[in-house]
Amino acid sequence: MRRAIQSFAVYPFLLTTFGLLLPTATLGDDSSATGTAKDLFNGKDLTGWHVDVPDADDNPDIQPSFVVRDGKLVSMGTPRGHLITDQSYSDYRLEVEYRFAGKPGNCGVLVHASTPRALYKMFPQSIEVQMMHENAGDFWCIHENIVVSDMASRRPGDPSTWGGKQGQSRRILNLTDGSEKPLGQWNRMVVECADDQVKVWVNGDLVNEGFDCTAEQGQIALQAEGSEVEFRKVQLTPIRQISDQVPENQASDQ
C-alpha cells in the first residue's frame, strides 16, 4: 500500500547531527507536480548540504572533507564523514556522475538517511549504495534493512544474521562485474527509490534491486571514506514508481 503522503512531502521534523529537531523542506510545488529535475549540487558551493565529520567535533580547524573545485563537488576521502542534504526526500530518481580523482578506493551514496552516527559512531542510519571501486551497486544496510529476490546467494552469512546493526551481515552483493568505467572516466549511477523499493543502475547496467526496505524516506548523503572522488552531477527527479529500464543519458567517457 502506498503511503498517504505525497512525493517530496514536508516531513514535520528532522533529527540533525546536533540532536536538534528542525523542520525539513521540499523541492517545491512545481518540481513535485511536474517531475522537474533539481540539481542538489549547484556547481558553486555546498548550499543545501551540511557536513558531519566526527573528528571535527574537537578540532574545528580540521581540513575539510568536502570541497568545491573547478565546478565539481569533491569528497577528499579524509577526514572521514558524510555530506548530508538538509532536506528529506521520498519517491525520487537520483543521478550521480562520479569518478575517482586519483587512486581507486571507497565511497558511497546513502539514501533514506536519518539518525546520525548510528553505526560505529560514524554512519547515519540509511541504506548505502556502494561506490567502492569494482563493487559499485552493493547494498550496505545501516540500522535499516532491505530484501533482494536471491538473498541466499548474495547476502553472506546465515539468515539469522541478516540485518543492519553492528555484528550483523549488512552487505548485499551487486548483480554484475565490470559495470564501472576505467579509472579516470566518469561513471553514471542512477538510484531510484519509491515506496519500499530501491533500484540501482551503473552505466546502464542494472546492478541491484531491493524491496521491503525498512525506510521509505530520508536524507541523502555522500561519503568521505578514504579516497578522493569527484562528482560533477548530483540531480534529483520526483517519480511515482520504479522504472523498468534505466533512464536515458549515459555519462560521457571523457
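The values are calculated or read from the model by the stated rules, or taken from the named source; none is laboratory data. Note that the structure is a prediction, hence the values are computed from the model and not measured. Cβ sites come from the backbone with ideal geometry, for glycine too, and all protein chains shown count toward neighbours. Ligands, DNA and RNA are stripped out before the accessible areas are found, and what is left, the full protein with its side chains, is counted by its heavy atoms. Shrake-Rupley method; radii C 1.70, N 1.55, O 1.52, S 1.80 Å.
Ranking ASP55, ASP205, ASP196 from most to least accessible surface, computed with a 1.4 Å probe over the protein chains only, gives ASP55, ASP205, ASP196. A simple spin-label model places pseudo-atoms 7 Å from Cα toward Cβ; at ARG69 and GLN235 they are separated by 2.4 nm. Taking amide hydrogens as placed 1.01 Å from N in the peptide plane, the amide H of TRP49 sits under 5 Å from those of ASP86, each at least 5 positions away in sequence or on another chain.
Residues whose amide H comes within less than 5 Å of that of ALA224, counting only those at least five positions distant or on another chain, are GLY81, HIS82, LEU83 (H built at 1.01 Å from N in the peptide plane). Tell me the Kirkwood hydrodynamic radius of region 104-174 in angstroms, computed as one over the mean inverse distance between distinct C-alpha pairs. About 12.3 Å for region 104-174.
Given a Förster distance of 41 angstrom, what is the FRET efficiency for THR176 paired with ILE62, based on the Cβ-Cβ distance and rounded to 0.05? The calculated FRET efficiency here is 0.65.
Database remark: amide H of TYR89 closer than 5 angstrom to the amide H of GLY218, GLN219 (H placed geometrically; neighbours at sequence offset of 5 or more, or on other chains; Pro and chain starts carry no H).
What separates the Cα centres of region 136-183 and region 45-70 is a distance of 29 Å.
Note on region 94-225: along the principal axes its Cα atoms extend 39, 30, 27 Å, ordered by decreasing extent.
State log₁₀ I(q)/I(0) for region 50-141 at q = 0.11, 0.13, 0.19 Å⁻¹ as given by the Debye formula over alpha-carbon point scatterers of equal weight, solvent excluded. Taken in order of the listed q values, log10 I(q)/I(0) reads -0.33, -0.47, -1.06.
When the pairs LYS103/LYS233; LYS38/LYS165; LYS72/LYS181; LYS121/LYS181; LYS38/LYS103 are compared against a 27 Å limit on Cα-Cα distance, LYS38/LYS165; LYS121/LYS181; LYS38/LYS103 fall above it.
With viscosity 0.692 mPa s and temperature 37 °C, the Kirkwood radius over alpha carbon pairs of region 182-254 converts through Stokes-Einstein to a diffusion coefficient of 235 µm²/s.
Suppose R0 equals 45 Å; then what is the FRET efficiency for ASP150 and ALA37 from their Cβ-Cβ distance, rounded to the nearest 0.05?
With R0 = 45 Å, the Cβ-Cβ based efficiency is 0.90.
Working from label points 7 Å from Cα in the Cα-to-Cβ sense, the THR161 to VAL51 distance is 3.7 nm.
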